[in-house]
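Contents: one structure, followed by commentary.
The values are calculated or read from the model by the stated rules, or taken from the named source; none is laboratory data. None of the values given here were measured: they were computed from a predicted structure. Here the Cβ positions follow ideal geometry from the backbone for every residue, glycine too, while neighbour counts run over all protein chains shown. Calculation scope for accessible area: heavy atoms of the full protein, side chains included, ligands and nucleic acids excluded. Shrake-Rupley method; radii C 1.70, N 1.55, O 1.52, S 1.80 Å.
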Amino acid sequence: MKKAIKLTLAVVFVMGATSLFAQQKFGRINTQEIIVGMPETKEMQTNMEAYAKDLQDNLESMTVEYNQKLQEFQKNFNTLSESVRQLKENDLNALIQRRNEFEQAAQQDFQKRQNELLAPIIEKAKNAIDKVAAAGGYLAVFDTSTGSLAYFDEASLTDIAPAVKKELGITDAPAAAAAPEAKK
């Protein structure tokens, strides 16, 4: 008798859990697509391009300075005394060292600035996803851009990207309007 009760309870529990699971909603979203479509991302890219150009201009001016001093050194090489020649060689080596250090620091600064500008954009997208998921009653939302899930049936998951785009005010350009621009 006890075995029959335990078996009945187990069956009821499994059936209840299965029906509860079947009632839950699961969603999917490509966060990369959302982030790329945000106006803030376009603004960030414009700022980063200007910042990169500024860094590149500084790097080029250092290269021009080095090339000018190198040409002067090579032109006057035979007329320079040994001590002046050594001094100019040291100066050229210092310029190379300074340029290399600047290039490394510029790359780090660029990456740091990009991360600083991207963090609030990612946070805004995450908040919109959370808001849409909570409002829609989703148990879980899978990010398809990460590719970390081994398998999922994409057709059985609701794509919440349109709702998130609406929440963020992202409007997709109609394909017909984009086509004439591509021909130009």
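Do you know which of the residues in segment 109-144 that are of a type in the set (Asp, Glu) and over 30 Å from ASN58 (Cα atoms) is most open to solvent (accessible area, probe 1.4 Å)? Selected residue: GLU123.
How about segment 161-184: which of its residues are surrounded by 12 or more Cβ atoms within 10 Å (Cβ to Cβ) and either touching a Gly at 6+ places or on another chain (Cβ under 6 Å) or modelled with pLDDT under 75 (or both)?
Going residue by residue through segment 161-184, those that are surrounded by 12 or more Cβ atoms within 10 Å (Cβ to Cβ) are 161-168, 170.
If the condition is that a residue be surrounded by 12 or more Cβ atoms within 10 Å (Cβ to Cβ) and either touching a Gly at 6+ places or on another chain (Cβ under 6 Å) or modelled with pLDDT under 75 (or both), then ILE170 is the only one that fits.
Residues in segment 61-103 that are touching a residue at least 24 places away in the same chain (Cβ under 8 Å) and open to solvent by 70 Å² or more (accessible area, probe 1.4 Å): 2 in all. The residue pairs whose first member lies in segment 31-60 and is part of a helix (DSSP H, G or I), whose second member is open to solvent by less than 40 Å² (accessible area, probe 1.4 Å) and among the hydroxyl-bearing types (Ser, Thr, Tyr), and whose beta carbons are closer than 6 Å, counting only pairs six or more residues apart or on different chains, are ILE35/THR41.
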